[in-house]
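The values are calculated or read from the model by the stated rules, or taken from the named source; none is laboratory data. Bear in mind that the values here come from a model prediction, so they are computed numbers and not experimental data. Glycine also receives a Cβ, built like all others from the backbone with ideal geometry; neighbour counts cover every protein chain displayed.
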Amino acid sequence: MLQAIREKAQGWIAWAIVILITIPFALWGIQEYLGVGGEPEVAVVSGDKITQRMLDERTRDFRENLRQSLGDNISPDFFDDARLKAQVLDAMIEEAVLGKSAQAWNLRTSDAQARALISSIPGFQRNGQFDQDVYDAAVRNRGMSRAGFEQRVRQDMSLTQLRSGVRDTAFVTSTDLGTRIRLRDQTRALSYVRIPAAAYLDQISVTQEELRSYYETNLDRYRTPERVKLSYLLLDAAKLRGKLDVGDDVLQQYFQDHRSEFVGREERAMRHILVAVSSGASDDDVAKAKQKADGLVEQIRGGADFAALAKDNSDDPGSAANGGDLGWVERGMMVPAFEEAGFVLPKDGVSDPVRTEFGFHIIQVTDIRGGSDAGFDDMRDQVEKAYRKYEAENLYYDYAERLAETAYENSASLTPAAEALGLQVQTTDWITRDGQLPGDLNVPRVINAAFSDDVLTEGHNSEVIEVAPQRSVVVRVAEHEPAGVKSLDENRLEIEQDFRRAKASETAAQQGAKLLVELQSGARTLAQLASDHAWQINAPGAVGRGQAGVPAEVLAKGFELAPPQEGKAAYAGVVSTDGDYLLIEVSSVQGGDIASLADAERPLVSEQATGQTATAQMRYFTQSLRDRATIEIKPLGE
């Protein structure tokens, strides 16, 4: 049969077959080359298509911006593709509807404006100047052409014009500002009592059916997060010091090479009293100054306080107020005569008057450091400690390189790297994505690596991760438990306790609702209820919206209430976060007064109010455009 086909497939029949086959392939190829109909769409905004490729590119850029902004501290949750893509797609839809308006308003960006903005971007500069080669390379690295990038810049600048045009029209009148201050700084006289849910726990009975129904209704409360146990190798320069063999000959050579680290230059803490002698002074003036200086020396040696004498008698304006203190002095800092006298004195010694070009100095040395003549034998322990630290740091980098190579080449186990470097494989307890690691590992990069596809899914060793200066780890997943839900039988005690607390809270709320009716009708007062039930009444008095020490639920509900009518309090009830029921009384309301603002605060408040109004105005404007646009969003990934 095949032979028959071969014999027939000659001449015009063969050519006809080739043409019939070629036409669809040719058309398909051209279509693909032109990009017509080949890309899936994720949204269509008033006829403008947002393709999967466009979304992927913008998501990649957004993710990279997050990495650059947050560095290694970024949480793995930030890189959840579904969440990122949904956020980026929403931003692209907003840009599309705003772009339509920008076109309708004839907002344009000139070439000169676009060039000026691009030239000002630091990432396109070298030595503070725009560099064409840097610019071209940066654009290529983004997977874009220069024309495509510049077109995006123009679009962004047009959108900026539009947004500025909307936001910059916002303003706040003095009446609006007064209203804002009246509400912002409003105070309310509050009182409240707590009806404790715990008081009803003994009244709660539990049936198997109720427990199972509660469990099934609250499954999310009993979900267990994904978790892992990690095996890891810790490379620490400090622990490498003990691996070094150290001999006296090596230490002596290190001592000679680094002698200045062990024997510092001598420094002396000094203070002085200056009896000034002006240049060209007569012999009588010099003699009087010398006589005064001798008298001061005699007083000091007789027990007088040096600092007090300096404050009263020294002619040096820079040190007299500090008791003559000159701080730490090295050789070469003072004039020769002063230095020669000061560096031969013992600690606490006082010199005779020393003549310099400034007059007569009385010098005291209060402390001495450095300048030791100690030899190697005296400093051996310090030298060995410093040598081990120095060599361990050098050894660390060699070990780190070998660790990276061995862990990569044997990616299914840490044992070869441990044996090669003399390290110990350690194991963590169970950890989750937002859990705490042992101190040596507790940095975000380790968590990110542990839950990465390469380590968690593929089962490979991680790369070498620096967790502190000269301290690194390599981790791998030893055990893995996916997220799940605890069964009722596994967690019966906790579930039953939760059920009882929930029912007790419901009972407290029912009791509170009945009492609230009595309060609102005027049949009882809050003080009477508190007295009848032996509840403590809390009366913080006039409080603001952010008052510390008052439960957030009380503040929120208390400020929701309409102001009380004259002579009659307003009441509300709310369940607290811990399940108790709170009865709240508002007896009076006092609005804030703009006149009470300080002069310096008024423009700041006005600016803040204008900014809030501008943001709201932009939000309303954008939403109105979205409401009028035809937006079709398709399922992501399809």
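Worth a mention:
- Looking only at segment 438-461, and only at residues there that are without any contact (Cβ under 8 Å) to a residue 24 or more places away in the chain and not polar (S, T, N, Q), the one that is surrounded by the most Cβ atoms within 10 Å (Cβ to Cβ): V455
- Total residues in segment 320-373, condition hydroxyl-bearing (S, T, Y), over 16 Å from V277 (Cα atoms) and over 48 Å from the mean Cα position of the chain (by Cα): 1
- Among residues of segment 512-525 being in a helix (DSSP H, G or I) and in contact with a helix residue (DSSP H, G or I) (Cβ under 8 Å, 6 or more places away or on another chain), the one that is nearest to V206 (Cα to Cα) is L515.
- Any hit, segment 180-194, residues being part of a helix (DSSP H, G or I), under 22 Å from R500 (Cα atoms) and assigned by TED's automatic domain parsing to the domain that holds A552: no
- Given (1) assigned to a loop (DSSP other than H, G, I, E, B); (2) without any contact (Cβ under 8 Å) to a residue 40 or more places away in the chain; (3) surrounded by 16 or more Cβ atoms within 10 Å (Cβ to Cβ), number of the condition K347 does not satisfy: (3)
- Matching strands (runs of 3 or more DSSP E) fully within segment 526-627 where at least 2 residues are polar (S, T, N, Q) and either closer than 30 Å to K100 by Cβ or modelled with pLDDT of 90 or more (or both): 581-590
- Identity of the residue in segment 298-320, acidic (D, E) and outside any helix (DSSP H, G or I), that ends up surrounded by the fewest Cβ atoms within 10 Å (Cβ to Cβ): D305
- Here G295, G332, G323 are screened, and the one residue that is assigned by TED's automatic domain parsing to the domain that holds G349 and either farther than 23 Å from T366 by Cα or buried (at least 16 other Cβ atoms within 10 Å of the Cβ) (or both) is G323.
- Qualifying position, being surrounded by 14 or more Cβ atoms within 10 Å (Cβ to Cβ) and out of contact with any helix residue (DSSP H, G or I) (no Cβ under 7 Å at 6 or more places or on another chain), among I495, I465, I431: I431
- Filter result for I93 (modelled with pLDDT of 90 or more and either of a type in the set (D, E) or not assigned by TED's automatic domain parsing to the domain that holds L555 (or both)): yes
- Yes/no for T160 being without any contact (Cβ under 8 Å) to a residue 12 or more places away in the chain, within 30 Å of Q590 (Cβ to Cβ) and either among the β-branched types (V, I, T) or buried (at least 16 other Cβ atoms within 10 Å of the Cβ) (or both): no
- Which listed residue, of Q436, Q497, is polar (S, T, N, Q) and assigned by TED's automatic domain parsing to the domain that holds E210: Q497
- Within segment 473-525, the residues that satisfy the criterion of being at pLDDT 95 or above and hydroxyl-bearing (S, T, Y) are S505, T507.
- Among the residues of segment 378-427, the one identified as basic (K, R) and loosely packed, with under 13 Cβ neighbours inside 10 Å is K385.
- Of the residues making up segment 462-494, those that are in contact with a strand residue (DSSP E or B) (Cβ under 9 Å, 6 or more places away or on another chain) and without any contact (Cβ under 8 Å) to a residue 60 or more places away in the chain number 6.
- Restricting attention to segment 559-614, the residues that are over 26 Å from T507 (Cβ atoms), crowded, with 16+ Cβ neighbours inside 10 Å and hydroxyl-bearing (S, T, Y) add up to 4.
- Hits in segment 505-534 - residues which are more than 13 Å from L583 (Cα to Cα) and either buried (at least 18 other Cβ atoms within 10 Å of the Cβ) or of a type in the set (V, I, T) (or both): S505, T507
To keep it simple, each residue is scored yes or no on (1) over 30 Å from E463 (Cα atoms); (2) of a type outside the set (A, V, I, L, M, F, W, C); (3) part of a strand (DSSP E or B).
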residue: M334; (1), (2), (3): yes, no, no
residue: E339; (1), (2), (3): yes, yes, no
residue: D352; (1), (2), (3): yes, yes, no
residue: T366; (1), (2), (3): yes, yes, yes
residue: R380; (1), (2), (3): yes, yes, no
residue: E391; (1), (2), (3): no, yes, no
residue: Y396; (1), (2), (3): no, yes, no
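- All of S205, S174 fail the test of being more than 41 Å from the chain's Cα centre (by Cα), small (G, A, S), at pLDDT 85 or above and farther than 30 Å from A114 by Cβ, apart from S205.
- Filter result for Q68 (out of contact with any Leu (no Cβ under 6 Å at 6 or more places or on another chain), modelled with pLDDT of 85 or more and outside the structural domain of F451 (by TED's automatic domain parsing)): no
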